[in-house]
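The values are calculated or read from the model by the stated rules, or taken from the named source; none is laboratory data. The structure presented is a predicted model; accordingly, all values stated were derived computationally and were not measured. Please note: Cβ atoms are built from the backbone with ideal geometry, for glycine as well, and neighbour counts cover all protein chains shown.
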Amino acid sequence: MKKFSSPAQMFSDNLKKYLKRAGIVVVSMSLGAATFITISSDKATVYSDAKMLSVAEAEPTAVEDTKVEYSRVEYIELQTSLAEAEQAAQIERAEKRAAAVALAREQEEKEIAENEITNVTTEVSTEVSTQAEAEAPAEEPAEAPAATEAVETYYVDDVSAESGEYLGTFTVTAYCGCSSCCGKSDGITASGTQATQGRTVAAPSTFAFGTELVIDGHTYVVEDRGGSISGNRLDIYFDSHQEALNFGRRTVDVYAN
């Protein structure tokens, strides 16, 4: 059996075959008519009128029989071709549907696999993070920064602006009446007076109580002592601890008033 690349090609080929055979039938009918005319005009070739009649009647009958036979064969072949074309088209549609279903199933399986991989990765990451947090040592609270004194070095250049005897260069710090600075908080000085900002200064025992000292152009009165106040050290009193820290540590020239 001849193979066709498509149902349309098979149908076209069968149609051409049918038309070709129909042409053969037409030619046969023409030859029969010519034979009839020849026999009728030449009685010498026919033995009797009865013989001529038999031939004349027999020829069209044979032609009609042949025509009917060819028509039946062509019809059967045409129907067969149509059935085969329909069957081929159905097979082709079924193959396309099967391919589409297979592609959709493959895509679905791929998406399911990707989702499973993502879920596993997320679970592993969460488990690792949880385990790391559980194993991590607890953070200790940060210690509050200790209060530090600001250190500043201060020099008096214009000594002519100061009055009295020049006592030398001193390191000057500051304190307040709190327990951190004095060990007590009553504000009573070593001389028995009430410590006052802008007046009271702690000095070594080489300075008598009541001695007036000029520091940075301001006059202070020696009214207090300190365990660490010795040599060229002075400690100026402030009402608050913060002001004392702000003053810091300075190096200045000191004069006696």
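Quick notes
- Taken over the stretch 245-257, the criterion of being aromatic (Phe, Trp, Tyr) and in a helix (DSSP H, G or I) is satisfied by Phe247 alone.
- The stretch 199-243: number of residues that are polar (S, T, N, Q) and within 18 Å of Ser185 (Cβ to Cβ): 3
So that you can scan it fast, the table gives a plain yes or no per residue for (1) part of a helix (DSSP H, G or I); (2) at pLDDT below 95:
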{"residue": "Gln197", "(1), (2)": "no, no"}
{"residue": "Pro204", "(1), (2)": "no, no"}
{"residue": "Phe207", "(1), (2)": "no, no"}
{"residue": "Gly210", "(1), (2)": "no, no"}
{"residue": "Tyr220", "(1), (2)": "no, no"}
{"residue": "Glu223", "(1), (2)": "no, no"}
{"residue": "Gly227", "(1), (2)": "no, yes"}
{"residue": "Leu234", "(1), (2)": "no, no"}
{"residue": "Glu243", "(1), (2)": "yes, no"}
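- Those residues of the stretch 198-221 which are out of contact with any Gly (no Cβ under 6 Å at 6 or more places or on another chain) and closer than 15 Å to Thr173 by Cβ, in sequence order: Thr200, Val201, Ala203, Pro204, Leu213, Ile215, Asp216, Tyr220
Yes/no per residue for (1) without any contact (Cβ under 8 Å) to a residue 24 or more places away in the chain; (2) hydroxyl-bearing (Ser, Thr, Tyr); (3) surrounded by 15 or more Cβ atoms within 10 Å (Cβ to Cβ):
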{"residue": "Cys178", "(1), (2), (3)": "no, no, no"}
{"residue": "Cys182", "(1), (2), (3)": "yes, no, yes"}
{"residue": "Gly217", "(1), (2), (3)": "no, no, no"}
{"residue": "Ser228", "(1), (2), (3)": "yes, yes, no"}
{"residue": "Arg250", "(1), (2), (3)": "no, no, yes"}
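- Summed over the stretch 228-237, residues that are in contact with a Gly (Cβ under 9 Å, 6 or more places away or on another chain) and either of a type in the set (S, T, N, Q) or over 14 Å from Ala174 (Cα atoms) (or both) total 1.
Yes/no per residue for (1) of a type in the set (Gly, Ala, Ser); (2) under 16 Å from Val254 (Cβ atoms); (3) assigned by TED's automatic domain parsing to the domain that holds Gly168:
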residue: Gln197; (1), (2), (3): no, no, yes
residue: Ala203; (1), (2), (3): yes, yes, yes
residue: Phe209; (1), (2), (3): no, no, yes
residue: Ile215; (1), (2), (3): no, yes, yes
residue: Gly227; (1), (2), (3): yes, no, yes
residue: Gly231; (1), (2), (3): yes, yes, yes
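- Number of positions in the stretch 53-106 that are under 27 Å from Asn14 (Cα atoms), at pLDDT 85 or above and acidic (Asp, Glu): 4
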